[in-house]
């Protein structure tokens, strides 16, 4: 059994978690919802106009017998959510009419369901761009206490039984500061531990290994290491490390022989969004890894983003991961 199969197995019969899928008019989402409910990975709410959701289910060839359907505009909590959203955003110039219009958007309505404790997880992005999902999370759910920046963790599963990896940040922060990079490293380590039940070994990646190159881009990574190591001395973290030194034991021994992380890293922290996004897609396409995520980190409630190219299996896998986190 592969690590991803084990995660899905652990998530089965998890009836204490409620996931809301705002994009019910997409056949992929409808099909995933039926499987999530069938295997009791979570209780499921599909959102959208009833005729659109039923048409998507028909196209997918599934029946929504065990699925709750919610049309935001017809929901009994709609006006309450409009009022709550207006209260959150009126200082930004929001009007009641604008709040009502935005609450008609299923992703924003789903985020409000989390805020109002009506659901445990919201997963969107099959039809909406990442920025739309992030906006709903930041405006409604908001970051957790003590967290300054939202980030993301892409879970990378090998096509064989090799251990999974966590890649961050691959979806949110274009050019994090050293302080933000340090926070991303710590949050990603916590995500990795919560999902895989193993000790994270965190590598802060660069084009330099332990001073082999001098540049301000390397300086940022070194400073991030200093910050996270000082704040969390218990964390197994090192940097700066080149990617081969981080994950190949023979290379790690040559380039960083005194490092506790070199050659053993299972959490890879990229210096910026260019590197992270390009890196995970190359590994996915050329090495055959399955990418699950991005798992959004740092929010007070779990909202997760899908790729618009996702499959129903991707949605099921992300829900299984999120359900395990919600249970913990």
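Tell me which residues, restricted to segment 237-249, are buried (at least 16 other Cβ atoms within 10 Å of the Cβ) and either modelled with pLDDT of 95 or more or not assigned by TED's automatic domain parsing to the domain that holds residue 212 (or both). Don't jump to the end; show me each part of the working.
Step one: filter segment 237-249 for residues buried (at least 16 other Cβ atoms within 10 Å of the Cβ), giving 237-243, 245-248.
237, 238, 241, 242, 243, 245, 246, 247, 248, listed by residue number.
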Identify the residue in segment 184-205 that is out of contact with any helix residue (DSSP H, G or I) (no Cβ under 8 Å at 6 or more places or on another chain) and not in a strand (DSSP E or B) and, among all such residues, is surrounded by the fewest Cβ atoms within 10 Å (Cβ to Cβ).
-> 197
Is it the case that residue 220 is closer than 17 Å to residue 182 by Cβ and assigned to a helix (DSSP H, G or I)?
-> yes
Does at least one position in segment 144-157 carry a residue that is surrounded by fewer than 19 Cβ atoms within 10 Å (Cβ to Cβ) and in a helix (DSSP H, G or I)?
-> no
Condition met for residue 262 (part of a strand (DSSP E or B) and closer than 18 Å to residue 165 by Cβ) = no
Given the conditions (1) surrounded by fewer than 24 Cβ atoms within 10 Å (Cβ to Cβ); (2) within 14 Å of the chain's Cα centre (by Cα); (3) assigned by TED's automatic domain parsing to the domain that holds residue 218, report the number of the one that residue 280 does not fulfil.
-> (1)
For segment 191-200, which residues satisfy the criterion of being closer than 14 Å to residue 268 by Cα and touching a residue at least 12 places away in the same chain (Cβ under 8 Å)?
-> 191, 192, 199, 200
Sole residue being surrounded by fewer than 22 Cβ atoms within 10 Å (Cβ to Cβ), in the same structural domain as residue 123 (by TED's automatic domain parsing) and modelled with pLDDT of 95 or more, chosen from 22, 27 = 27
Looking at residue 252, is it part of a helix (DSSP H, G or I), touching a residue at least 24 places away in the same chain (Cβ under 8 Å), buried (at least 22 other Cβ atoms within 10 Å of the Cβ) and at negative phi?
-> no
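The values are calculated or read from the model by the stated rules, or taken from the named source; none is laboratory data. Small disclaimer: the values here were computed from a predicted structure and weren't measured. We place every Cβ from the backbone using ideal geometry, glycine too, and count neighbours over all the protein chains shown.
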